[in-house]
Amino acid sequence: MDNRYKDNQFCITVEYEKLESNPEQIFLGIAKLIEGLQYTDKQLVGCIAKDIEPVVLLDNIEQGSIKIFLRSVIESIPDEGLEKCDIKRIIGAFLVKTKYAILKAISQNEPIQTHQLDQLEKEIDAYAQDTGTSTLGCYTQVDRESIITSMARITDAVDTMRPTDRVKFEAEIGGSVHTISIPKELHVDDDVTDSLAKHEVINQNTFILKIHKVDFMGNSKWEFRLGKSKISAHIEDDDWLKRYKTGKIVLVPGDSLKVLMEVKMQYGKGYDLICTLFKIIKVLDVIHTEEPIEENLF
């Protein structure tokens, strides 16, 4: 493979531990990740023309760590006049660079705040100008809700993989190759999701959550496993927290909490799910594991 990428080409690298169980999760995650990237491209071309059809093509696969070389291209353009110019190459370059900008924003591993989205939108507009996309006469700013939804689909895909699997995105930006690690989680500031939400569905139910990481200081969220998904939630049960902090409740790796939890699902226009927020109303019980495992809760 040449050092320089071909037009509109990018690479997804999956680093994995050999001889580990559940290898199918790698390929399920890769499939969901490609779908997430295709969804992102579809949202991005929507700021140019609704009828443009983007596709992601497979160029090559390399062994070792799994390296998948893909290409963002335009399959069809409804305007016959646009077909005659180099618009497919122009928009394809815009898609690759904008995906890089979006992934760079979520790779910081901190909650996405309004000022970061403001900066991201400026960066996307700069790429639109740099690639010539903004000169097409029909370009409008990318919808903020679409950006958040795209971020969520991509990180959800990576979270499908095994805990030890690592995923990177690589592309040539500005004449040099840039590599970004894609996290398994997306953290978005509540003010951002509240400002975007058009509809909310709130439910309370009893859940059993396996503890992944505790919050000893009491000012951030605890991390749990709910089935195969990782979630973050504030614990609002002050009495239980007081007993935990004073040592009256002891937690060890592998323990779970039986809780009454509020689940808030926020939807944007078109009822696309933007995010799901979790809040523990009351801790009902601590479920100790029969076989403690070696894991750092702090």
Study note, to complete from the structure: Among Ile148, Asn203, Val177, the residue whose Cα sits farthest towards the positive end of the charge dipole of region 83-219 (+1 at Cβ of Lys and Arg, -1 at Cβ of Asp and Glu, taken about the Cα centre) is Val177
Revision key, fill the gap. Plugging the Cβ-Cβ distance of Thr276 and Leu19 into 1/(1 + (r/R0)^6) at R0 = 25 Å yields, to the nearest 0.05, a FRET efficiency of 0.10
Review point. Which value, to two decimals, describes the C-alpha radius of gyration of region 184-244 once divided by 2.2 N^0.38 Å?
Key: 1.29
Exercise for review: Grab the DSSP H runs of the chain that are 4 residues or longer, score each as -39,500 (n - 2.57), total them, divide by all residues and round the 222 nm result to the nearest 500 deg cm²/dmol.
Suggested key: -10000 deg cm²/dmol
Exercise for review: Could you tell me, in Å, what Rg and Dmax come out for the Cα atoms of region 224-276?
Suggested key: 15.1, 48
Review point. Taking a probe of 1.4 Å, how large is the accessible area per residue of the chain, in Å²?
Key: 53
Point to revise | Volume per residue of the C-alpha convex hull in the chain, rounded to whole Å³ | key: 145
Review point. Setting aside same-chain residues fewer than 8 positions from Lys99, which lysines have a Cα under 25 Å from its Cα?
Key: Lys6, Lys32, Lys42, Lys50, Lys67, Lys88, Lys122, Lys168, Lys184, Lys230, Lys269
Point to revise | Long-range HN-HN contacts of Ile182 with modeled amide H, under 5 Å | key: Val167, Lys168, Phe169
Point to revise | Most fluctuating residue given options Thr179, Thr164, Thr276, as computed from a GNM of the chain linking Cα atoms under 10 Å | key: Thr164
Exercise for review: Would you work out what percent of the accessible area of the chain, with all protein chains in place, is carbon or sulfur (probe 1.4 Å)?
Suggested key: 48
Practice item. Choose one answer from Gln113, Gln63, Gln204: the residue with the largest mean-square fluctuation in a GNM of the chain with alpha-carbon springs under 10 Å. Key: Gln63
**Study point:** Semi-axis lengths, Å, region 101-249, gyration tensor of Cα atoms, sqrt of 5 times eigenvalues
**Key:** 36, 19, 14
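The values are calculated or read from the model by the stated rules, or taken from the named source; none is laboratory data. Small disclaimer: the values here were computed from a predicted structure and weren't measured. When we count neighbours, we look across all protein chains shown, and the Cβ atoms used for this are built from the backbone with ideal geometry, even at glycine. Surface accessibility is based on the protein's heavy atoms, side chains included, excluding ligands, DNA and RNA. Shrake-Rupley method; radii C 1.70, N 1.55, O 1.52, S 1.80 Å.
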